Each structure stands twice: as C-alpha cells, then as structure tokens.
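All remarks here apply to the structure that follows.
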Amino acid sequence: MNFFEAIVLAIIEGLTEFLPVSSTGHIIIGSSLMGIAADPFVKMFTVCIQFGAILSVVVMYFNRFFKSIDFYAKLFCAFIPTALLGLLLKKHVDALLENVTVVGISLLAGGIILVFIDKVFEQNEKNPDNAVTYKKGFVIGFFQAISMIPGVSRSAATIIGGLTQKLDRKTAAEFSFFLAVPTMFAATVKSMYDVYKDTPELLASSNISILLLGNSVAFLVAMLAIKFFIGILTKYGFKIFGYYRIAVGALILILYFCGVQLTLVD
C-alpha cells in the first residue's frame, strides 16, 4: 500500500464510518478499484484508521465525554453485548468476512429498512424519550452486535436500536457516535496487538507513517461527515441513505456476479 492508496481508503473510512451506509462495503469497492491486495498490513490498516475516526467524535463532543462517570458507565453497558458475542462468534464472523455476497445482500436489506424506518418511528420525533438509561444502552448494544455481519453497518444498527428505545433520530445518532469510541478503540488495540504478536515486522517505520497519515485523514474527514450527517438526518431522515445503500449493494452484487474480483479487506 502506498501513501495515495492510504489517503483514499482513509477518506472512505472517514466519510462512511458514522453514516448508516456500511464502511465495509465502500472499502471493498475502493480497494478493489485500486487493486489493493488484502494482505495482513492492509487488513490492520482498515481497522486501525477507525481510531482517527473515533477521535473526531471525542473532539466534537468534548464536553459530553468529560461530563460524568455515568456517561462512561452507560457506554460500557452498551459495549458489553458486542464484546461478549464477538468473542463467542468470532469464527463465524471471520467466515462471513470472506463472503462478498453477504455484504451486498446486507446493504440491500438494510437500505430497504432505512427507506421505511422514518415512517415506522415517526412518533419518536413528536414524543421522544431521550433519556438514555442503562437498559436502553444495553439493548442498543445488542443491535450493535448485529453489525458484526459485514455490510449491516454499525451506525445503522445502533441508530435503529436507539429508535426502538424511543429516542429521536438526532439522539439515537449521537449515542451511536459515542458507542463507536469504546468499540473501535477495542478493535484497534486488538488488531495492533495481533500484529505485534504474530508479524511485528509489519510495524516498520514506513508502515507506521502510513498508519499515522491514514488516521489523520480519517479524523478530519469524519468530523465533516458527522456534521453533514446530523444536518441531513434532522432535516430529511433516513430515506436518502436507504436508497444509496440499495444502489451500492446492487452494484457490489452486479460486479461480483459479472466476474469482477472484489476483495474484502476489513
């Protein structure tokens, strides 16, 4: 992977991580178009640049992150289902990560859901219950665990989880951002540890430079993406993202069944 490829993938990560459109599906398209091989460093890179994305959340919502211990306790409660199910189902999840058709189908199915989701939960905008309790956080955490299926989108799953708990769209989206911090931090640490343990040569200075560049780009782009998403979500709802997911999912499936080599690196 060269610096140009790292910048492109980091832009894709920053743009799509917090939108309900599946960063995995977009990474597939981007890496395949550039002919990037799914080697161990590339796999580590696509996980670790999420750290830059989560830093943007901490910076943008700085006051919320350093307001109370209760805030962290609720995030930890919401993180538990993903951590436990991730350990129990790791082999099955790894197998799904090799299946591009799963990504395409997940994008399509999720897109259809988002097209109608505003109608289903329209009462949330009129009479929301925006107090995020431990119980609500735990339920949202189970929805996040569903996003271990490639193409589902962690953002989409957690926001829908929030809607089922009577949060309005904005509050559900913001809690999804907050929950991304411990989730992605844990994934980044685990990926770096696995590389350090099994293939420490991948942490050469040249690769570290690419990782730092990728995280910097993902950080800046994610800040813009979050502002854009909140604005669009508040004004128009999820329908536009639903149609977009359907288009991307269909594109992936068409390319795959036409014989185009698609490589899943995330």
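When the residues of the range 188-208 are narrowed to those that are modelled with pLDDT under 85 and within 17 Å of the chain's Cα centre (by Cα), which ends up farthest from PHE76 (Cα to Cα)?
SER191
Can you tell me which residues in the range 1-41 are surrounded by fewer than 22 Cβ atoms within 10 Å (Cβ to Cβ), modelled with pLDDT under 90, in a helix (DSSP H, G or I) and hydrophobic (A, V, I, L, M, F, W, C)?
Those that are surrounded by fewer than 22 Cβ atoms within 10 Å (Cβ to Cβ), modelled with pLDDT under 90, in a helix (DSSP H, G or I) and hydrophobic (A, V, I, L, M, F, W, C): ILE29, LEU33, MET34, PHE41.
Looking at (1) buried (at least 22 other Cβ atoms within 10 Å of the Cβ); (2) in contact (Cβ under 8 Å) with a residue 40 or more places away in the chain; (3) in contact with a helix residue (DSSP H, G or I) (Cβ under 6 Å, 6 or more places away or on another chain), can you tell me which one SER106 breaks?
Unmet condition: (3).
What is the number of the single condition among (1) over 14 Å from the mean Cα position of the chain (by Cα); (2) closer than 22 Å to ILE27 by Cβ; (3) surrounded by fewer than 23 Cβ atoms within 10 Å (Cβ to Cβ) that LEU114 does not meet?
So the condition that LEU114 fails would be (3).
Would you be able to say whether some residue in the range 141-154 is over 26 Å from VAL42 (Cβ atoms) and in contact with a Phe, Trp or Tyr (Cβ under 9 Å, 6 or more places away or on another chain)? Don't jump to the end; show me each part of the working.
So the first thing to find is which residues in the range 141-154 are over 26 Å from VAL42 (Cβ atoms), and the list is 141-143.
Among the residues that remain, those that are also in contact with a Phe, Trp or Tyr (Cβ under 9 Å, 6 or more places away or on another chain) are: 141.
Checked the range 141-154: at least one residue is over 26 Å from VAL42 (Cβ atoms) and in contact with a Phe, Trp or Tyr (Cβ under 9 Å, 6 or more places away or on another chain).
So, LYS119, is that one under 23 Å from THR183 (Cα atoms) and exposed (fewer than 14 other Cβ atoms within 10 Å of the Cβ) or not? Give the steps one after another, and end with the answer.
On the way: under 23 Å from THR183 (Cα atoms): no; exposed (fewer than 14 other Cβ atoms within 10 Å of the Cβ): yes.
Criteria not met by LYS119.
Of the residues that sit in the range 188-209 and are in a helix (DSSP H, G or I) and hydrophobic (A, V, I, L, M, F, W, C), which one is surrounded by the fewest Cβ atoms within 10 Å (Cβ to Cβ)?
From the range 188-209, those in a helix (DSSP H, G or I) are 188-198, 200-203, 205-209; that's our starting set.
The next check asks that each one be hydrophobic (A, V, I, L, M, F, W, C); those that pass are 189, 192, 195, 202-203, 208.
On the way: VAL189: 13, MET192: 17, VAL195: 20, LEU202: 17, LEU203: 14, ILE208: 11.
Checking each candidate, the answer is ILE208.
Quick check, is VAL8 among the β-branched types (Val, Ile, Thr) and closer than 16 Å to SER153 by Cα?
Working: among the β-branched types (Val, Ile, Thr): yes; closer than 16 Å to SER153 by Cα: no.
Taking the combined requirement at face value, the residue does not satisfy it.
Of the numbered conditions (1) at pLDDT 85 or above; (2) surrounded by 17 or more Cβ atoms within 10 Å (Cβ to Cβ), PHE185 satisfies every one except a single condition; which is it?
(2)
Test VAL152 against the stated conditions and say whether it is within 22 Å of PHE241 (Cβ to Cβ) and β-branched (Val, Ile, Thr).
Values: within 22 Å of PHE241 (Cβ to Cβ): yes; β-branched (Val, Ile, Thr): yes.
So VAL152 fits the description; yes.
Looking only at residues in the range 68-88 that are over 22 Å from ALA131 (Cβ atoms) and of a type in the set (Gly, Ala, Ser), which one is modelled with the lowest pLDDT?
Here the answer is GLY86.
Being of a type in the set (Gly, Ala, Ser) and within 13 Å of SER56 (Cα to Cα) is the filter here; which residues of the range 173-190 pass it? Spell out the reasoning first.
First pass over the range 173-190, keeping only residues of a type in the set (Gly, Ala, Ser): 173, 176, 180, 186-187.
Answer for the range 173-190, where residues must be of a type in the set (Gly, Ala, Ser) and within 13 Å of SER56 (Cα to Cα): just ALA180.
I'd like the full set of residues that are charged (D, E, K, R) and at pLDDT 90 or above, limited to the range 221-239. It would help to see each step written out before you state the result.
Narrowing the range 221-239 to residues charged (D, E, K, R): 227, 235, 239.
Passing the criteria: only LYS239.
The values are calculated or read from the model by the stated rules, or taken from the named source; none is laboratory data. Remember, predicted model here, so these are calculated numbers, not experimental data. All Cβ positions, glycine included, derive from the backbone under ideal geometry; neighbour counts span all protein chains shown.
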